Amino acid sequence: MIVVLIGPPGAGKSKQSELLKKREHVVWLSAGQLLRDKNDSLINQVMSTGGLVDDEIINTMMANMIEKISQDKIVLLDGFPRHEAQADWLIEFSRRSNRAITLVLHIHIPDEVIYDRLNLRGRMDDKPDTIADRIEEYNKNIKPIVGYFANSGIKILDINGDRSAEDVFEDIDKALHDIHQSQKR
Ligand code: AMP
């Protein structure tokens, strides 16, 4: 099954991925990380300016990765979908590949905390103007996906991300444990 993680840049998603490595029933797929790992000069150019990589490239990449994962695992998607067209594609893909989208984990943090955290992190796309662009992209395109999934009957779990990584992890871990148990029944 598929779980979608939605949260603004700096929500601590990669820290959560570190903590989730100890959970064998969860496979984390970060669209941004998969793109960075490709180390393709054209893709890097798009990423360093805060733009979006073509849907066709990213959708194909996600499909190939998800299909490699055993059906009994939870595929936790981070950074995908990024707008409604990708969400549509994912809903269609989930039917086609018989992997239900079971849950959306929605992490909330205030904008000023996002700025503080990204300034500390300093990745290649963490420059002040790209940070502003990414917050805007989040509010305009990504956040509305939560409502879109909710309208499709998918359960949403709201998580307060303005806490320690361990506290956030506790909520995520419990939610994923519960849906994994219910799948077995
Ligand atoms: P992230 O690691 O999620 O902050 O993503 C870093 C960069 O990768 C983004 O700014 C985009 O350029 C690209 N990217 C990540 N996910 C997607 C996606 N779902 N669709 C298109 N581009 C993406």
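Of note:
- Inter-residue pairs, beta-carbon under 8 Å, first of a type outside the set (Gly, Ala, Ser) and in segment 47-59, second surrounded by fewer than 13 Cβ atoms within 10 Å (Cβ to Cβ) and in a loop (DSSP other than H, G, I, E, B), 6+ apart: Met47/Met124
- Contact map, segment 162-182: residues that are touching a residue at least 40 places away in the same chain (Cβ under 8 Å) paired with residues that are in a helix (DSSP H, G or I) and basic (Lys, Arg), Cβ distance under 8 Å, separation 6+ or inter-chain. Pairs shown: Ala165/Lys15.
- Screening the candidates Ile131, Ile107 for the property of being in a helix (DSSP H, G or I), more than 10 Å from the ligand (Cβ to nearest atom) and surrounded by 15 or more Cβ atoms within 10 Å (Cβ to Cβ) yields one hit, Ile131.
- Subset of segment 37-71 [of a type in the set (A, V, I, L, M) and more than 10 Å from the ligand (Cβ to nearest atom)]: Leu42, Ala63, Met65, Ile66, Ile69
- Only a single criterion out of (1) within 15 Å of the ligand (Cβ to nearest atom); (2) touching a helix residue (DSSP H, G or I) at 6+ places or on another chain (Cβ under 8 Å); (3) under 26 Å from Lys21 (Cα atoms) is not satisfied by Glu84, namely (3).
- Identity of the residue in segment 136-185, of a type in the set (S, T, N, Q) and closer than 15 Å to Val3 by Cα, that ends up surrounded by the most Cβ atoms within 10 Å (Cβ to Cβ): Gln183
Values quoted throughout were computed directly from the atomic coordinates according to the rules given, and no laboratory measurement underlies them. None of these values were measured; they are calculated from a predicted model. No Cβ is skipped: glycine too gets one built from the backbone with ideal geometry, and neighbour counts run over all protein chains shown.
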